[in-house]
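See below for the structure under consideration.
The values are calculated or read from the model by the stated rules, or taken from the named source; none is laboratory data. Nothing here was measured: the structure is a model prediction, and the numbers come from that model. No Cβ is skipped: glycine too gets one built from the backbone with ideal geometry, and neighbour counts run over all protein chains shown.
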Amino acid sequence: MLDHRVGSLTSLLLPLSDRYLLLPNVAIAELIDWQHGEPSRDTPPWHLRTINWRDHAVPLISFEVACGSSLVIGERARIVILNTLGGNPDFKFIAIVVQGIPRSYKVDSQLSFVDVHLSALELAAVQVGDHVAKIPDLEALERWVMGGGLAQAAVLALRVLHGRGQVPAL
């Protein structure tokens, strides 16, 4: 009989200003350079602005601010484009600010869980090499963005860019 258990999973350790996030490789669409732009107005403080990536209007957020910490945009800041999980064809990506280049790690079932404070957007904390990494709740993050109206605003921005007018109800 075949054993279908996964021996290891390739993951990326994302450096933020006050924590590390650990995500499976497949959750990340792309790492791009920092893009300067005008900050968003009349949106939650964790929403920095909407960026254009591959003809998609993508909300750029600060995970740290969403978790109650301060905003930091360091000189090594980059943007990670995350794939969304909800299946909405008009809302496929979320962008988050990272503070440097993510590092690849192979993780397996022997991960050591760490007992530390978790925010509402974090599922667990694990030891990865010398770092404690938080595992983000991507579904909750997506609900936050959707709940803040940012997904609908991103769809509107994209449709205006392409001259298609109205935004469907999300």
For the stretch 102-122, what are the residues that are surrounded by 12 or more Cβ atoms within 10 Å (Cβ to Cβ) and either in contact with a Phe, Trp or Tyr (Cβ under 8 Å, 6 or more places away or on another chain) or closer than 28 Å to D33 by Cα (or both)? P102, R103, Y105, V107, S119, L121, E122
So L71 clears everything in (1) closer than 24 Å to S11 by Cβ; (2) in a loop (DSSP other than H, G, I, E, B); (3) in contact with a helix residue (DSSP H, G or I) (Cβ under 8 Å, 6 or more places away or on another chain) except one condition, right? Which one? (1)
Can you find even one residue in the stretch 38-48 that is free of Cβ contacts under 8 Å to residues at least 24 places away in the same chain, under 17 Å from L121 (Cβ atoms) and either part of a strand (DSSP E or B) or of a type in the set (D, E, K, R) (or both)? no
So how many residues does the stretch 74-96 have that are in contact (Cβ under 8 Å) with a residue 60 or more places away in the chain and farther than 18 Å from L12 by Cβ? 4
Condition check for L48: closer than 20 Å to G147 by Cα, touching a His at 6+ places or on another chain (Cβ under 8 Å) and surrounded by 14 or more Cβ atoms within 10 Å (Cβ to Cβ): no
Run T43 past the list (1) modelled with pLDDT under 90; (2) buried (at least 16 other Cβ atoms within 10 Å of the Cβ); (3) within 16 Å of L12 (Cβ to Cβ) and report the number of the one that doesn't hold. (3)
Among the strands (runs of 3 or more DSSP E) confined wholly to the stretch 99-170, which include 1 or more residues that are at pLDDT below 90 and within 18 Å of R49 (Cβ to Cβ)? none
For residues that are more than 15 Å from S17 (Cα to Cα) and part of a strand (DSSP E or B), tally how many sit in the stretch 49-67. 10
Criterion: touching a helix residue (DSSP H, G or I) at 6+ places or on another chain (Cβ under 8 Å), polar (S, T, N, Q), under 21 Å from D137 (Cα atoms) and crowded, with 19+ Cβ neighbours inside 10 Å - qualifying residue of T84, T10: T84
